[in-house]
Amino acid sequence: MQHLVDTDNFSDAQIAQLLADARAFKAQRPPQLLRDKLLITLFFEASTRTRSSFEVAAKRLGASVVHLDPSRSSTKKGESLEDTFANLCAMEPDGVIIRHSQNDTPQILADLEMTPVINAGAGNYAHPTQALLDLFTMVEHFGGEVRGKRIAIVGDIISSRVASSGIRLLRRMGMEVLLVAPKPFMPLSDLPQYESLDEVLDRVDVVMSLRAQLERHATPIFDDYGAYATHYCIDHDRLGDRELLILHPGPVMRNIDISDAVLQDPRCKVLEQVKNGVYMRMAILKLLLLDA
Ligand code: ASP
């Protein structure tokens, strides 16, 4: 049984297959390959893009989706997560898509080997489908190859599961990753680290901006995100006419992460990432539910 806890669950050949399938699905909508399949989503944290993207992807392939709302479920009555999961698995779904605040929850459930577990974001550790859709967006942008390209990841890196999964996958794909953040947002890492965004803009091909993960800060890290924005907001003054690809996993804090004007700029592919997310998740569901 194959799971997706993080992208290292996939071989290089499988990642190549995912990119090829996502590209093919984008070029032409596929037949309903998962017509008899049923997925359950179990989201213990808020989500706009990821949950709806999984649902759209599943439905485009003909699968059914059942959502369990944990705020109204028996976990509220003291049932353990493992028991809730086992009860869902007794209904024989073809996979469970889970988001949770704890880093190790998807792995714990995957180890039960009851149904394929798909991690839709866990703690600050892993968000593999975001990493894969970001990879797809860059591969598409650079005409098929990202090896040797440089990306600056900017913002609250230490709390970001997007950064953490992204760093592991993009390094594996041969990209050079630079970290740009004020000290409280910088993780321990062997990657090149910068406090100044302006210092790196001439040296990179891609800038990935990240939201401050306020819900993961035990106490507020900055009182004033206006002051933070002066140094880290991607705006036109900072960007100039450089040919950079600007990415952000969403939700964007407007005029703190990226300015209103840059969000409209063709160099900024935030909505393309959302579009590509559906195609990449279709490819992932096909791989896990059909091919594996
Ligand atoms: N949507 C992404 C996540 O779930 C990024 C974010 O929330 O800032 O981690």
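The values are calculated or read from the model by the stated rules, or taken from the named source; none is laboratory data. This is a predicted model, so every value here is computed, not measured. Note that we place each Cβ from the backbone using ideal geometry, even for glycine, and neighbour counts take in every protein chain shown.
Taking the condition of being more than 15 Å from the ligand (Cβ to nearest atom) and within 26 Å of residue 231 (Cβ to Cβ), how many residues in the stretch 144-153 meet it?
4
Can you give me the ranges of the helices (runs of 4 or more DSSP H) entirely in the stretch 205-266 with at least 1 residues that are closer than 15 Å to residue 180 by Cα?
225-232, 236-239
Of the conditions (1) more than 16 Å from the ligand (Cβ to nearest atom); (2) modelled with pLDDT of 95 or more, residue 73 fails just one. Which one is it?
That leaves (2) as the condition not met.
Give the residue that is modelled with the lowest pLDDT, with candidates limited to residues of the stretch 46-65 that are part of a loop (DSSP other than H, G, I, E, B) and in contact with a Pro (Cβ under 9 Å, 6 or more places away or on another chain).
The qualifying residue modelled with the lowest pLDDT is 48.
Restricting to the stretch 144-185, what's the tally of residues that are under 21 Å from residue 202 (Cα atoms) and not in a helix (DSSP H, G or I)?
Here the count works out to 20.
Starting from the stretch 149-171, take each residue that is more than 20 Å from residue 251 (Cβ to Cβ) and list its partners that are of a type in the set (Phe, Trp, Tyr) and surrounded by fewer than 24 Cβ atoms within 10 Å (Cβ to Cβ), counting only C-beta distances under 8 angstrom and pairs at least six apart or across chains.
Pairs found: 149/142; 152/194.
Only one of these is within 16 Å of the ligand (Cβ to nearest atom) and under 30 Å from residue 26 (Cα atoms): 274, 262. Name it.
None of the other options fit; the residue is 274.
Taking only pairs six or more apart or across chains, which ones have beta-carbon atoms under 6 Å, a first residue in the stretch 88-107 that is at positive phi, and a second residue that is basic (Lys, Arg)?
none
Considering (1) within 23 Å of residue 48 (Cβ to Cβ); (2) under 24 Å from the mean Cα position of the chain (by Cα); (3) of a type in the set (S, T, N, Q), say which one residue 107 fails and leave the rest.
Residue 107 satisfies all of (1) within 23 Å of residue 48 (Cβ to Cβ); (2) under 24 Å from the mean Cα position of the chain (by Cα); (3) of a type in the set (S, T, N, Q) except (1).
Taking the condition surrounded by fewer than 15 Cβ atoms within 10 Å (Cβ to Cβ) and within 16 Å of the ligand (Cβ to nearest atom), does residue 199 pass?
Judged against the criteria, residue 199 is not a match.
Is it true that residue 130 is part of a loop (DSSP other than H, G, I, E, B) and within 16 Å of the ligand (Cβ to nearest atom)?
It is false that residue 130 is part of a loop (DSSP other than H, G, I, E, B) and within 16 Å of the ligand (Cβ to nearest atom).
Going by the structure shown, is residue 68 under 20 Å from residue 121 (Cα atoms), more than 16 Å from the ligand (Cβ to nearest atom) and in contact with an Asp or Glu (Cβ under 7 Å, 6 or more places away or on another chain)?
no
Do we find a residue being at pLDDT 95 or above, crowded, with 18+ Cβ neighbours inside 10 Å and not in a helix (DSSP H, G or I) anywhere in the stretch 12-24?
Taking every residue of the stretch 12-24 in turn, none turns out to be at pLDDT 95 or above, crowded, with 18+ Cβ neighbours inside 10 Å and not in a helix (DSSP H, G or I).
As an exercise: evaluate residue 275 against (1) of a type in the set (Lys, Arg); (2) part of a loop (DSSP other than H, G, I, E, B); (3) surrounded by fewer than 16 Cβ atoms within 10 Å (Cβ to Cβ) and give the number of the one condition it does not meet.
Single failed check for residue 275: (2).
If we keep just the residues of the stretch 154-192 that are within 14 Å of the ligand (Cβ to nearest atom), buried (at least 24 other Cβ atoms within 10 Å of the Cβ) and β-branched (Val, Ile, Thr), which is farthest from residue 227 (Cα to Cα)?
162
Filter the stretch 42-65 down to residues that are under 18 Å from residue 109 (Cβ atoms) and out of contact with any helix residue (DSSP H, G or I) (no Cβ under 6 Å at 6 or more places or on another chain) and give me whichever is farthest from the ligand (Cβ to nearest atom).
Filtering first and then ranking leaves 42.
Say we look at the stretch 43-69 and pick out the residues that are in contact (Cβ under 8 Å) with a residue 60 or more places away in the chain and under 20 Å from residue 248 (Cα atoms); which of these is surrounded by the fewest Cβ atoms within 10 Å (Cβ to Cβ)?
Per the criteria, the residue is 48.
Inspect the stretch 93-108 for any residue being touching a helix residue (DSSP H, G or I) at 6+ places or on another chain (Cβ under 6 Å), crowded, with 18+ Cβ neighbours inside 10 Å and assigned to a loop (DSSP other than H, G, I, E, B) and give the result as yes or no.
yes
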